[in-house]
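Engineer: Sharing a structure, written as structure tokens. Questions coming.
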Amino acid sequence: MCGIAGLFLKDAKLEPDLGSMLARMLSPLSDRGPDSAGFAVYGAETPGHVKFTLRLPPTADVDGLLKSLRDELGEPIAHRLHGTHVVVAIPADRIALARRVLAAFADIAIVGAGRRMEIFKEVGRPDDVSEQFGLGAMRGTHAIGHTRMATESAVTTNGAHPFTTGNDQCLVHNGSLSNHCAVRRDLIKKGLSFRTENDSEVAAGFITAKLSDGASLQQAMESCLDSLDGFYTFVIGTEAGFGVLRDPIACKPAVVAETDQLVAFGTEYRALVDLPGIASAKVWEPAPGTVYRWELH
Amino acid sequence: MLIVDLARSSVRELNAGLHRLAPDSNETHWRVRNPRGQHSIAVGLEQPVVVEIEGHVGYYCAGMNKLATVVVEGNAGQGVAENMMSGKVWVKGDASQAAGATGRGGLLVIDGNASARCGISMKGIDIVVKGSVGHLSAFMAQAGNLVVLEDAGEALGDSIYEAQLFVRGKVQSLGVDCVEKPLEDEHKHELRRLLDAAGINGTVDVGEFRRYGSARKLYHFHVENVGQY
């Protein structure tokens, strides 16, 4: 099972509603993935900064963390709290230093990093997860989300999607991979590390490795067709938009709706029914084994 | 005409109302509003009623249909008209995977495209797709007819038994044991009947179709294959 929702806005007037639209898309997908949920939102950038989304334990000393960052980086750190996550803006020329500071806090995880991407994920009913992070108030140009029904690894926050594949890049997956152990071993030999036993994290790592070898996103997604065995529909978020790939036998469902204002991806049409203009949208099923991309120009 | 608004009633209530109908009921015309992609709308109907659905439906719409006519004024999700026994299901948009799966009778008409595995394991249903069908359509098809006015994807008719396949456009590839067969007058006559039933009267030249069916090589064990086991 699992459910995926992706939303790409062509019309800037809808940007304030991005989060509330995504929350309404994820809600009916609870039936397909009730155990965890997560989303990546591509919002405004802070020039000269990279945003880190950090996951904190309930007892975290946020002030202590911010003070350490300020002391080491030499300037106050803008931050936003969203439930168990905090987004901090790190000066782009001091990222390595910030990572060293964060490494000293053993219970704080870096969920994602990017100029525009923020990632939030947690165990729980999708509606509760959306509420906890305040998804409904988030704005931006595009977003992808996931509701999980675990098959290949445990129900944990680390096992929830999206998985980040590099700055401003993330992946969500519906399906299950059958050769993820072998692919993981190959990637570990290449120097990648993994946090979980999850098959989808391997797919994310595979994309990361291809991109760092110099492949374009299109090429990296196409190479999934040769190297990954199993069932998958992937949605891969980038700073400019998102891409979609279904396995060649199309085991997992997928629907796309397109209007003059937006492009929306849903595992089922039920995820799309509240979008503006849906009654007159072009609604279609992406072909198997074919890379689709929608990006800002 | 009865109108059921699925924004106010549940699919279960709609289906229960349809299942309660007696054979001589006067409630023969139903309209369903706000389907919003919900699953299992108008399944298991057993009376000769007409059910029109205003919009896109989810999975298994009109499954197990008997005698009824179900019209989907939009797209249908997976398994539309699965295991249909008789009657007619008409999808005015596209259909997702496994349309008409295991259908035993009746007519399924899809105005748009059908995706993968259309007519999988069909057992007597007639399916007319005005667009194209995806890969592995008519997989293990046993009886009935699949008519495709445009193209067919990979592995058409893989492991087919005695269903007949008619395709007007390009076939990407034929599956195991599926071969082209001559289109004789009797087949053109049958094709004309199917196109007429689908409401395509005289607008399509039946001579443009190619016919496919079973080579019947998988029917029996061949002793020369003994080494394979």
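The values are calculated or read from the model by the stated rules, or taken from the named source; none is laboratory data. Nothing here was measured: the structure is a model prediction, and the numbers come from that model. Neighbour counts run over all protein chains shown; Cβ positions are idealised from the backbone, glycine included. Note: accessible area is taken over every heavy atom of the protein model, side chains too, but ligands, DNA and RNA are not part of it. Shrake-Rupley method; radii C 1.70, N 1.55, O 1.52, S 1.80 Å.
Engineer: Residue check: is A:VAL244 in contact with a strand residue (DSSP E or B) (Cβ under 7 Å, 6 or more places away or on another chain), β-branched (Val, Ile, Thr), away from chain B (no Cβ under 14 Å) and under 21 Å from A:SER223 (Cα atoms)?
Structural biologist: Working: in contact with a strand residue (DSSP E or B) (Cβ under 7 Å, 6 or more places away or on another chain): yes; β-branched (Val, Ile, Thr): yes; away from chain B (no Cβ under 14 Å): yes; under 21 Å from A:SER223 (Cα atoms): yes.
So A:VAL244 fits the description; yes.
Engineer: Report whether or not A:LEU26 is at pLDDT 95 or above, under 30 Å from A:ARG270 (Cβ atoms) and not polar (S, T, N, Q). Give the derivation first.
Structural biologist: Numbers: at pLDDT 95 or above: yes; under 30 Å from A:ARG270 (Cβ atoms): yes; not polar (S, T, N, Q): yes.
Answer is yes for this residue.
Engineer: Taking the criterion of being closer than 20 Å to B:ARG168 by Cα and touching a His at 6+ places or on another chain (Cβ under 6 Å), would at least one residue in the range B:89-102 satisfy it?
Structural biologist: The answer is no, given that none of the residues of the range B:89-102 is closer than 20 Å to B:ARG168 by Cα and touching a His at 6+ places or on another chain (Cβ under 6 Å).
Engineer: So is A:GLY230 closer than 21 Å to A:LEU26 by Cβ and of a type outside the set (S, T, N, Q) or not?
Structural biologist: No.
Engineer: Just the residues that are more than 15 Å from B:THR69 (Cα to Cα) and touching a strand residue (DSSP E or B) at 6+ places or on another chain (Cβ under 9 Å), please, taken from the range B:12-35.
Structural biologist: Result: B:GLU13, B:LEU14, B:GLY17, B:ARG33, B:ASN34, B:PRO35.
Engineer: Of the residues A:GLY134, A:GLY205, which single one is open to solvent by 10 Å² or more (accessible area, probe 1.4 Å) and not polar (S, T, N, Q)? Spell out the reasoning first.
Structural biologist: On the way: A:GLY205 fails: open to solvent by 10 Å² or more (accessible area, probe 1.4 Å).
Exactly one residue qualifies, and that residue is A:GLY134.
Engineer: Which residue out of A:PHE163, A:PHE206 is farther than 17 Å from A:THR290 by Cα, away from chain B (no Cβ under 14 Å), within 13 Å of the chain's Cα centre (by Cα) and aromatic (Phe, Trp, Tyr)?
Structural biologist: Details: A:PHE206 fails: within 13 Å of the chain's Cα centre (by Cα).
From the options A:PHE163, A:PHE206, the qualifying one is A:PHE163.
Engineer: Would you confirm, using the coordinates I've provided, whether B:LEU21 is within 14 Å of chain A (Cβ to nearest Cβ), open to solvent by less than 20 Å² (accessible area, probe 1.4 Å) and touching a residue at least 24 places away in the same chain (Cβ under 8 Å)? Before you say what the answer is, go through the steps one by one.
Structural biologist: Numbers: within 14 Å of chain A (Cβ to nearest Cβ): no; open to solvent by less than 20 Å² (accessible area, probe 1.4 Å): yes; touching a residue at least 24 places away in the same chain (Cβ under 8 Å): yes.
Taking the combined requirement at face value, the residue does not satisfy it.
Engineer: Also: With the condition being closer than 28 Å to A:THR141 by Cβ, I'd like the helices (runs of 4 or more DSSP H) fully within the range A:159-243 carrying at least 2 qualifying residues. Outline the logic, then answer.
Structural biologist: Numbers: elements: A:180-189, A:199-212, A:217-227.
Fully inside the range A:159-243 and qualifying: A:199-212, A:217-227.
Residues checked against (1) touching a Lys or Arg at 6+ places or on another chain (Cβ under 7 Å); (2) hydrophobic (A, V, I, L, M, F, W, C); (3) modelled with pLDDT of 90 or more:
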residue	(1), (2), (3)
A:ARG94	no, no, yes
A:ALA98	no, yes, yes
A:VAL111	yes, yes, yes
A:GLY114	yes, no, yes
A:LYS121	no, no, yes
A:SER130	no, no, yes
A:ALA137	no, yes, yes
A:THR151	no, no, no
A:ASN158	yes, no, no
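Engineer: Scan the range B:50-81 residue by residue and report those that are open to solvent by 10 Å² or more (accessible area, probe 1.4 Å) and closer than 14 Å to B:LEU18 by Cα.
Structural biologist: Within the range B:50-81, B:VAL50, B:GLU52, B:MET64, B:LYS66, B:LEU67, B:THR69 meet the criteria.
Engineer: Based on what the data block shows, is B:ASN113 among the polar types (S, T, N, Q), within 25 Å of A:ALA281 (Cβ to Cβ) and under 13 Å from the mean Cα position of the chain (by Cα)?
Structural biologist: Details: among the polar types (S, T, N, Q): yes; within 25 Å of A:ALA281 (Cβ to Cβ): yes; under 13 Å from the mean Cα position of the chain (by Cα): yes.
So B:ASN113 fits the description; yes.
Engineer: On the given criteria, is A:THR238 open to solvent by less than 50 Å² (accessible area, probe 1.4 Å), more than 9 Å from every other protein chain (Cβ to nearest Cβ) and modelled with pLDDT under 95? Write out each step before concluding.
Structural biologist: Details: open to solvent by less than 50 Å² (accessible area, probe 1.4 Å): yes; more than 9 Å from every other protein chain (Cβ to nearest Cβ): yes; modelled with pLDDT under 95: yes.
Here the answer is yes, as A:THR238 does meet what is asked.
Engineer: Quick check on my filter: what residues within the range A:182-205 are more than 24 Å from A:LYS51 (Cβ to Cβ) and free of Cβ contacts under 8 Å to residues at least 12 places away in the same chain?
Structural biologist: A:ALA182, A:ARG185, A:ASP186, A:ILE188, A:LYS189, A:GLY191
Engineer: A further question follows. Under the condition of being within 14 Å of chain B (Cβ to nearest Cβ) and under 23 Å from A:GLN169 (Cβ atoms), which residue from the range A:278-297 is most open to solvent (accessible area, probe 1.4 Å)?
Structural biologist: Narrowing the range A:278-297 to residues within 14 Å of chain B (Cβ to nearest Cβ): A:278-290.
Restricting the remaining residues to those that are under 23 Å from A:GLN169 (Cβ atoms) gives A:286, A:289-290.
On the way: A:PRO286: 3, A:GLY289: 29, A:THR290: 50 Å².
Step by step, filter the range A:278-297, then rank; the result is A:THR290.
Engineer: Follow-up. Do the conditions hold for A:ALA264, that is, is it within 11 Å of another protein chain (Cβ to nearest Cβ), within 14 Å of A:TRP294 (Cα to Cα) and out of contact with any His (no Cβ under 8 Å at 6 or more places or on another chain)?
Structural biologist: On the way: within 11 Å of another protein chain (Cβ to nearest Cβ): no; within 14 Å of A:TRP294 (Cα to Cα): yes; out of contact with any His (no Cβ under 8 Å at 6 or more places or on another chain): yes.
Here the answer is no, as A:ALA264 does not meet what is asked.
Engineer: What number of residues within the range A:231-252 satisfy the criterion of being closer than 24 Å to B:CYS118 by Cβ and free of Cβ contacts under 8 Å to residues at least 60 places away in the same chain? Explain how you work it out, then say what you get.
Structural biologist: Kept after step one, since they are closer than 24 Å to B:CYS118 by Cβ, are these residues of the range A:231-252: A:231-233, A:244-252.
The next check asks that each one be free of Cβ contacts under 8 Å to residues at least 60 places away in the same chain; those that pass are A:231-232, A:245-246, A:248-250.
Number of matching residues: 7.
Engineer: Limited to the range B:117-166, what total is found for residues that are within 14 Å of chain A (Cβ to nearest Cβ), under 14 Å from the mean Cα position of the chain (by Cα) and under 16 Å from B:LYS217 (Cα atoms)?
Structural biologist: 1
Engineer: Please tell me if A:THR259 is more than 9 Å from every other protein chain (Cβ to nearest Cβ) and within 23 Å of B:GLY79 (Cβ to Cβ).
Structural biologist: Numbers: more than 9 Å from every other protein chain (Cβ to nearest Cβ): yes; within 23 Å of B:GLY79 (Cβ to Cβ): no.
Against the criterion (more than 9 Å from every other protein chain (Cβ to nearest Cβ) and within 23 Å of B:GLY79 (Cβ to Cβ)), A:THR259 does not qualify.
Engineer: Here is a follow-up. With the requirement that a residue be free of Cβ contacts under 8 Å to residues at least 40 places away in the same chain, in a loop (DSSP other than H, G, I, E, B) and more than 12 Å from every other protein chain (Cβ to nearest Cβ), what does the range B:42-65 give you? Walk me through how you get there before you give the answer.
Structural biologist: The initial filter retains those residues of the range B:42-65 that are free of Cβ contacts under 8 Å to residues at least 40 places away in the same chain, namely B:42-44, B:46-64.
From what is left, the residues that are in a loop (DSSP other than H, G, I, E, B) are B:42-44, B:46-49, B:54-56, B:58-64.
Answer for the range B:42-65, where residues must be free of Cβ contacts under 8 Å to residues at least 40 places away in the same chain, in a loop (DSSP other than H, G, I, E, B) and more than 12 Å from every other protein chain (Cβ to nearest Cβ): B:ALA42, B:VAL43, B:GLY44, B:GLU46, B:GLN47, B:PRO48, B:VAL49, B:TYR60, B:ALA62, B:GLY63, B:MET64.
Engineer: Can you say whether A:ALA254 is more than 23 Å from A:MET149 (Cα to Cα), open to solvent by less than 30 Å² (accessible area, probe 1.4 Å) and under 20 Å from the mean Cα position of the chain (by Cα), as far as the supplied structure shows? Spell out the reasoning first.
Structural biologist: Numbers: more than 23 Å from A:MET149 (Cα to Cα): no; open to solvent by less than 30 Å² (accessible area, probe 1.4 Å): yes; under 20 Å from the mean Cα position of the chain (by Cα): yes.
Criteria not met by A:ALA254.
Engineer: Here's something else I'd like to know. In the range B:71-111, what residues are among the charged types (D, E, K, R) and more than 13 Å from chain A (Cβ to nearest Cβ)? Break it down into steps so the answer makes sense when it comes.
Structural biologist: Keep residues of the range B:71-111 that are among the charged types (D, E, K, R), which gives B:73, B:82, B:88, B:92, B:94, B:104, B:111.
Across the range B:71-111, the qualifying residues are B:GLU82, B:LYS88, B:ARG104, B:ASP111.
Engineer: Just the residues that are among the acidic types (Asp, Glu) and either touching a Pro at 6+ places or on another chain (Cβ under 8 Å) or under 24 Å from A:ILE249 (Cα atoms) (or both), please, taken from the range A:190-234.
Structural biologist: Residues of the range A:190-234 that are among the acidic types (Asp, Glu), as a first pass: A:197, A:199, A:201, A:213, A:222, A:226, A:229.
Once the filter is applied, which keeps residues that are among the acidic types (Asp, Glu) and either touching a Pro at 6+ places or on another chain (Cβ under 8 Å) or under 24 Å from A:ILE249 (Cα atoms) (or both), the range A:190-234 yields A:ASP199, A:GLU201, A:GLU222, A:ASP226, A:ASP229.
Engineer: Consider A:ILE119 carefully, then state whether it is within 17 Å of the chain's Cα centre (by Cα) and surrounded by fewer than 21 Cβ atoms within 10 Å (Cβ to Cβ). Break it down stepwise before answering.
Structural biologist: Numbers: within 17 Å of the chain's Cα centre (by Cα): yes; surrounded by fewer than 21 Cβ atoms within 10 Å (Cβ to Cβ): no.
No, not satisfied.
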